[in-house]
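**Q** Pasting a structure here, questions to come.
The values are calculated or read from the model by the stated rules, or taken from the named source; none is laboratory data. Computed from a prediction, not measured in an experiment: that's the story for all the values here. Ideal geometry is used to build each Cβ from the backbone, glycine not excepted, and the neighbour counts take in all protein chains shown. Side chains included, ligands, DNA and RNA excluded: accessible areas come from the protein's heavy atoms. Shrake-Rupley method; radii C 1.70, N 1.55, O 1.52, S 1.80 Å.
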Amino acid sequence: MLEKLAKQTAIYGISTILGRMLSYLLTPFYTRIFGVESYGIVTDVYALIPFALVVLTMGMESSYFRFAAKAEVEGGNIEQNKRKLFATTWGITSLAALLFFVVVVLFRHEASALMGEVYAANPLYVVTVAAIVMMDVAACIPFSRLREQGKALTFVSLKLFNIILQVGLAVAFWAVGLFDSEFGVGWAFVANLVASTITLVAVVAASGRISLRIDWALLLLIFGYSLPLLLSGIAGTANEFIDRQLIKYLVPVGSLAQLGIYGAITKIAVVMTLFTHMYRLAAEPFFLSNFRKEEFKEMNAAALKYFVMASMLIFLAIALYRDIFALIVGRDFREGIHILPVVLGANILSGVWLNLSFWYKREEKTKFALWITLTGLLCSVGFGVLLIPKMGYYGAAWSRFAAEVVMVVVSVVLNRIYYPTPYQFGRMAEYILLGLAIFFVAEWIELPNEWLRYTVSTLFIVLYLCYAAWREKIDLRGMLNHILRRGKR
């Protein structure tokens with residue numbers, strides 16, 4: 001069964017990597033045509049959009065997967081029940097998105113004033129971003145339906161189409177000089193809006209002709225499952241963006257510039273983010289389907305071990321070459337590259353507690369999600385208020401890392417009490433300690449030039465990979481031969 005998960009992760013992973021690579025072309029692009037303050041606006045807005053998406057989707061993604069699996073177990077007219085489930089979840093999220101957009105348009109001046117002087121001077125920024133949110137929320141459940149049906153190729157094609165269109169429009173706007181107009185950075189949001197609108201039309205057509213008809217009795221049952229996920233999602237996403245907001249409001253001088261640098265450096269951690277994201281796309285429907293309890297525990301424990309092993313390999317591949325990765329962003333943004341290992345560590349921990357969340361989602365004990373994420377949010381705010389005024393974006397990176405540590409600890413404790421799972425903590429600790437030891441030794445060694453340092457770093461990474469293969473009894477030579485044979489076909 002883990003082979004199926006690995007295959008799904010690979011399918012989503014290839015598309016996600018290609019898509020995000022195209023998307024992240026906007027990072028070197030924007031950090032070279034915008035100053036640090038203008039890019040700070042981009043960072044601010046794109047930190048807030050996921051929060052709005054979580055609020056307006058109301059936990060319906062996980063609910064859709066869970067109730068679709070239950071429909072198969074209960075039998076009867078499975079297809080009709082799934083269509084009703086889709087119509088209900090899609091209907092309520094689309095209605096919420098439309099109401100959100102209308103409210104923002106009506107109160108655009110008040111909302112802009114709350115966000116800061118830059119937005120107060122350009123209320124259309126806020127309206128454009130609200131329209132992006134509306135389109136993305138409306139597309140959320142249709143994309144989930146494609147995942148639930150196993151239509152990975154359609155899913156990834158539409159995601160790639162969206163990103164290519166957005167990147168193409170951004171470059172075209174720059175070529176004709178729109179970014180130099182009075183609306184300036186707002187054209188970046190217009191490019192996103194056009195791409196999201198066209199993608200919504202395409203994904204609705206691909207997901208099937210189902211009317212937006214809400215079954216209110218079914219919706220009440222779904223809300224019983226999704227409400228804790230909604231609340232935890234709000235807290236969890238707030239934990240993801242609160243560091244940006246605290247920089248904006250707590251840094252006494254040059255807050256938007258610091259926000260721009262911080263946002264650019266976090267973008268460099270693209271590979272780790274991609275790995276966690278593609279894993280989530282495959283793992284969520286996989287683990288929320290119906291397995292026997294012991295089978296689920298065994299697979300979840302093994303999946304977490306391999307996730308940690310792979311994550312530490314990615315950590316080393318980025319952290320040991322961070323000077324090269326710094327070239328992704330403009331020169332003015334590279335001063336913050338030293339926080340990159342901390343950001344990578346926080347991303348690893350985020351993936352760990354994602355793995356630790358599947359058991360309570362499966363058991364429909366979603367109240368635990370709220371406990372965990374609220375604890376993390378309180379830590380983010382507490383550490384942020386303490387560190388950010390003194391350390392700026394350095395404090396933001398460490399406050400987020402600390403919050404992720406706390407959420408992992410709380411998740412492990414709850415699992416041990418309510419759903420003991422045989423996670424191989426000793427084996428995972430080996431990979432973490434080995435990875436950190438390699439990182440610190442590579443940092444400590446003084447070498448005469450960069451090329452020698454990169455050579456030594458490469459040898460260290462090979463050492464880690466060989467140790468992991470030996471420890472897990474992975475036949476690297478056999479895997480390589482298999483890949484080469486397939487390539488010759």
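**Q** Given the C-alpha centroids of segment 371-385 and segment 41-82, what is the distance between them in whole angstrom?
**A** Comparing the Cα centres of segment 371-385 and segment 41-82, I get a distance of 25 Å.
**Q** Tell me, what is the percent relative contact order of the chain, built from C-alpha pairs under 8 Å that lie six or more residues apart?
**A** 21
**Q** Expressed as a whole percentage, what fraction of the accessible surface of the chain belongs to carbon and sulfur atoms when a 1.4 Å probe is rolled over the protein heavy atoms?
**A** Of all accessible area on the chain, carbon and sulfur atoms account for 67 percent.
**Q** Can you compute 3J(HN,Hα) from phi for each residue in segment 158-173, using the Karplus curve 6.51 cos²θ - 1.76 cosθ + 1.60 with θ = phi - 60°, rounded to whole Hz and x for Gly and Pro?
**A** Values per residue, Gly and Pro as x: 5, 5, 5, 4, 4, 6, 4, 5, 5, 5, x, 5, 4, 5, 5, 4 Hz.
**Q** With +1 on each Lys and Arg Cβ and -1 on each Asp and Glu Cβ, and nothing else charged, work out how big the dipole of the chain is about its Cα centre, in Debye to the nearest 20.
**A** 1480
**Q** Quickly estimate the mean residue ellipticity at 222 nm for the chain, helices only: each DSSP H run with n ≥ 4 gives -39500 (n - 2.57), and the total goes over all residues, rounded to 500.
**A** So the helix-based figure for the chain works out to -28500 deg cm²/dmol.
**Q** At most 16 other C-beta atoms within 10 Å and a DSSP loop state: those are the exposed GluC sites (Glu not before Pro) I care about. Give me the longest piece of the chain that has none.
**A** Looking at the chain, 1-181 is the longest stretch - no exposed GluC sites (Glu not before Pro) with at most 16 other Cβ atoms within 10 Å.
**Q** Pairs LYS248/LYS390; LYS159/LYS248; LYS84/LYS361; LYS82/LYS305; LYS70/LYS365: which exceed 24 Å Cα-Cα?
**A** Beyond 24 Å between Cα atoms: LYS159/LYS248; LYS82/LYS305.
**Q** Which net charge results for the neighbourhood of GLY351, defined as the other residues with beta-carbon distances under 11 angstrom from its beta-carbon, given Lys and Arg at +1 and Asp and Glu at -1?
**A** With Lys, Arg at +1 and Asp, Glu at -1, the net is 0.
**Q** Further question: Could you size up the charge dipole of segment 243-373 around its Cα centre, putting +1 on the beta carbon of Lys and Arg and -1 on that of Asp and Glu, and report it in debye to the nearest 20?
**A** 180
**Q** Would you mind getting me the FRET efficiency between ALA121 and GLU363? Use the beta-carbon distance for r and R0 = 35 Å, nearest 0.05.
**A** E between ALA121 and GLU363, to the nearest 0.05, is 0.10.
**Q** With θ set to phi - 60°, apply the Karplus curve 6.51 cos²θ - 1.76 cosθ + 1.60 along segment 182-197 and write out the HN-Hα couplings as whole Hz, x wherever there is a Gly or Pro.
**A** 4, 6, x, 4, x, 5, 5, 6, 5, 4, 5, 4, 4, 5, 5, 5
**Q** What are the ³J(HN,Hα) couplings of segment 333-345, residue after residue, when phi is run through the Karplus curve with 6.51, -1.76, 1.60 and θ = phi - 60°? Round to Hz, x for glycine and proline.
**A** Here the 3J(HN,Hα) series is 9, 6, 5, x, 4, 5, 7, 4, x, 5, 4, 4, x Hz.
**Q** Would you work out the relative contact order for segment 48-143, in percent, from Cα pairs under 8 angstrom that are 6 or more residues apart?
**A** 37
**Q** For an R0 of 22 angstrom, estimate the FRET efficiency from the Cβ-Cβ distance between VAL409 and GLU295 and round to the nearest 0.05.
**A** My answer for the efficiency is 0.25.
**Q** Could you give the accessible area per residue of the chain, probe 1.4 Å, as a whole number in Å²?
**A** Here the residues of the chain average 45 Å² of exposed surface.
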